């Protein structure tokens, strides 16, 4: 199992949250579901770790509020973005564990929204919107502990509203809206507990994490997202060749209902009793550890999620590629 070690060393890159393109108010949360998979409970030895992710996703939702604009139609989104992740693991101890600090910087290459208008002045008109640019930056502090084959960590992620944001406008003549944003115009925090059990003799890994996302009110739309619970898990079989194969999944559910005049107006427009969101995702994961680039350990991860059981948020299919380097 010596080839598992480079993958472990890169896992701090996966401990921090990744930003999506919208908030629950816009059909997605500040935290990108499925970010914590293999080795989610492990903080590696001191050093600097750099990761690069490319994510492509397509999904749809029936009824949402987007930048203050309530949309009743079946709305589709296609999204491609990347994120740069830098983690510094410190050569010291904190509360008996190993401390680390991570920063995630996302960039949306292309986001496209489309739907058929159902209300005047855009009734029956195909509507599209596109956007690109830097998203909301995430900073995560984490402390990790080890006990034989058991590894666990506690973290706190802070999502800063660094991406661009403006409330929605409609251009009837050109059949477009300006509603997509790369930022969410809110601050969010996410306490996280993660755990990994890895048996070097068999190569079997069990990893899981639990977190709660809290967000401030969007002052531009007077929309307050309710807290959301995220549960994520992965089961993998690691081979001596450096390859690992397994399955990963997540469950997301808001605790309570969204509030504020923006949420109340959306509920009235959609004729909904509640805007409380949920979704589940499941799919395969493949990793490889043991490669070398310019004398540095490199590992790769490929995973695919198919979502189901979505309510009040996009239900998507997502393909995700990660490359991580340990310095």
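The values are calculated or read from the model by the stated rules, or taken from the named source; none is laboratory data. Please read these numbers as outputs of a predicted model, since none were measured by experiment. Glycine gets a Cβ as well: all are built from the backbone with ideal geometry, and neighbour counts include every protein chain shown.
In table form, for the structure just shown:
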quantity: Filter result for residue 266 (touching a residue at least 24 places away in the same chain (Cβ under 8 Å) and closer than 17 Å to residue 63 by Cα); calculated: yes
quantity: Residue selected from region 176-204 under the condition touching a strand residue (DSSP E or B) at 6+ places or on another chain (Cβ under 6 Å) and either part of a loop (DSSP other than H, G, I, E, B) or without any contact (Cβ under 8 Å) to a residue 24 or more places away in the chain (or both), by the criterion surrounded by the fewest Cβ atoms within 10 Å (Cβ to Cβ); calculated: 203
quantity: Total residues in region 207-222, condition more than 25 Å from residue 165 (Cα to Cα) and in a loop (DSSP other than H, G, I, E, B); calculated: 0
quantity: Region 36-51: number of residues that are in contact with a helix residue (DSSP H, G or I) (Cβ under 9 Å, 6 or more places away or on another chain) and either part of a strand (DSSP E or B) or closer than 30 Å to residue 267 by Cβ (or both); calculated: 4
quantity: Subset of region 220-238 (residues that are farther than 16 Å from residue 30 by Cβ and either in contact with a strand residue (DSSP E or B) (Cβ under 6 Å, 6 or more places away or on another chain) or without any contact (Cβ under 8 Å) to a residue 40 or more places away in the chain (or both)); calculated: 231, 233, 234, 235, 236, 237, 238
quantity: Strands (runs of 3 or more DSSP E) wholly inside region 77-164 containing at least 3 residues that are more than 27 Å from residue 38 (Cα to Cα); calculated: 98-116, 126-134
quantity: Residue in region 56-76 that is modelled with the highest pLDDT, counting only those that are in a strand (DSSP E or B) and surrounded by 24 or more Cβ atoms within 10 Å (Cβ to Cβ); calculated: 61
